[in-house]
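Report on one structure; see the data block that follows.
The values are calculated or read from the model by the stated rules, or taken from the named source; none is laboratory data. The shown structure was predicted, so the numbers you read here are calculated from the model rather than taken from an experiment. For neighbour counting, all protein chains shown are included, and Cβ atoms are generated from backbone atoms with ideal geometry for every residue, glycine included.
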Amino acid sequence: MIDKIILFILLLILIINSLFIIKLKWYNDYFVKNFDECFKTNNKFLYEIETYRYKLFNFIYNNEYKELIEEFKYSFDFILIILYLILILFGYYLYVNKDINKIIIIIIILIYVIIFKYNGENILNEYEKIEEKKKDSKNILFKYYLVYKILNIILYLNQNDNIMKEKFQNDKDEDLTFSELLDKNISKIYSLTDELRINYIKKNAIDSYDYLKFINFNIDSTLHNNDFFKNIYIIIDGEKYYIEKLNYTDNINNIIKEKLIKENIIKEDASKINFIEFFIENNKILFDIKNSNKDILKEYNKNIQNFIRIYIILLLFIIYVLLHLVYNIINSKIYIYTIIIISIILLTTLWYNLK
């Protein structure tokens, strides 16, 4: 009875682990596909919300990414423990009753465990490299998002000091306020006509310093506002102040720092940065979409793809072997119920996680 319970637990853990690795694979494929699509369209007619770099940052810097990697690690470690126990048990049986067949089985299991462990650890190591890059101030993805967030903040310092009423000519046929331009773009992106819904989305984006995702940063696009982004200004007490000519920036830097801390972009104990100077030095990264995407893809290690493919094959192999063992030790009726239960768990979890 104990062997049946152990087999069932191992099978369940393997399936849970496979769900995490499938989700990791889905995200990797999604971002690679998103990157390819950006270049198929030559980065034209894209809002920032649709770009590879924006989506990638929002994934790897949020809690879902961290939780997914941790869940994979815990289930991977648990599988290794069970496999080690199986090896020990087979070793004990071999010691008690020397059998050439058991020696062959132990060698096969040992080789499998080594390959499985090596590949799983490589996946975790690749993600560890990404974790290190996340903390690196020279990481182009972090630079991009810091510049992006700074721009969101300085263009909307507060309810009174912002550019929402400024006129923005985004092509030859239109002359809208920035607020109206946001409304129009939100309506296009989400296919909405409901004004209340549009205003709700816009307000949430402003509150989280993320409303510029509805603006096009591609300098080659007719939707990009070249005049404003070539010479960016902020509004303070109704007056325009051009970023390049700002003399006194301490107060604005404090506002930026406070809001970045609130959004968990930087830590409270972060070294003192002149955010205005940082923005001036690095703001080209926002508008040079093609080159920044290429550099970011280099940062996001593609080796993960190969390791994940091998890992999935190894998982399928051990699940197949375990199902065969379960079939041999329990009657066919219970086996069918077991498969049905596992299938329901698998499909339900897949649907929930990948919907």
Open item on the list: All but one of (1) assigned to a loop (DSSP other than H, G, I, E, B); (2) surrounded by fewer than 17 Cβ atoms within 10 Å (Cβ to Cβ) hold for residue 128; state the number of the condition that does not hold.
Closed with: (1)
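Results for (1) under 21 Å from residue 167 (Cα atoms); (2) in the same structural domain as residue 178 (by TED's automatic domain parsing); (3) buried (at least 16 other Cβ atoms within 10 Å of the Cβ), shown as yes or no for each residue.
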| residue | (1), (2), (3) |
| --- | --- |
| 202 | yes, yes, yes |
| 233 | yes, yes, yes |
| 237 | yes, yes, no |
| 253 | no, yes, yes |
| 260 | no, yes, yes |
Open item on the list: Take residue 185 and tell me if it is within 19 Å of residue 51 (Cα to Cα) and part of a helix (DSSP H, G or I).
Closed with: yes
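Residue-by-condition table, conditions (1) at pLDDT 80 or above; (2) under 20 Å from the mean Cα position of the chain (by Cα); (3) aliphatic (A, V, I, L, M):
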position: 22; (1), (2), (3): no, yes, yes
position: 32; (1), (2), (3): no, yes, yes
position: 118; (1), (2), (3): yes, no, no
position: 126; (1), (2), (3): yes, yes, no
- [ ] Would you be able to say whether some residue in segment 145-164 is aromatic (Phe, Trp, Tyr) and in contact with a strand residue (DSSP E or B) (Cβ under 6 Å, 6 or more places away or on another chain)?
- [x] yes
- [ ] Collect the residues in segment 181-191 that are surrounded by 15 or more Cβ atoms within 10 Å (Cβ to Cβ) and either touching a Phe, Trp or Tyr at 6+ places or on another chain (Cβ under 6 Å) or of a type in the set (A, V, I, L, M, F, W, C) (or both), keeping them in residue-number order.
- [x] 181, 182, 185, 186
Task: Selection status of residue 256, closer than 17 Å to residue 280 by Cα, assigned to a strand (DSSP E or B), among the hydrophobic types (A, V, I, L, M, F, W, C) and modelled with pLDDT of 85 or more - done: no
Task: Near pairs, Cβ below 6 angstrom, 6+ apart or cross-chain, from segment 241-266 (of a type in the set (D, E, K, R)) to any residue that is crowded, with 18+ Cβ neighbours inside 10 Å and part of a helix (DSSP H, G or I) - done: 259/153
- [ ] Specify which of the listed residues (126, 64) is touching a helix residue (DSSP H, G or I) at 6+ places or on another chain (Cβ under 9 Å) and closer than 18 Å to residue 308 by Cβ.
- [x] 126
Open item on the list: Could you go through segment 196-214 and let me know if any residue there is over 26 Å from residue 252 (Cα atoms) and modelled with pLDDT under 90.
Closed with: no
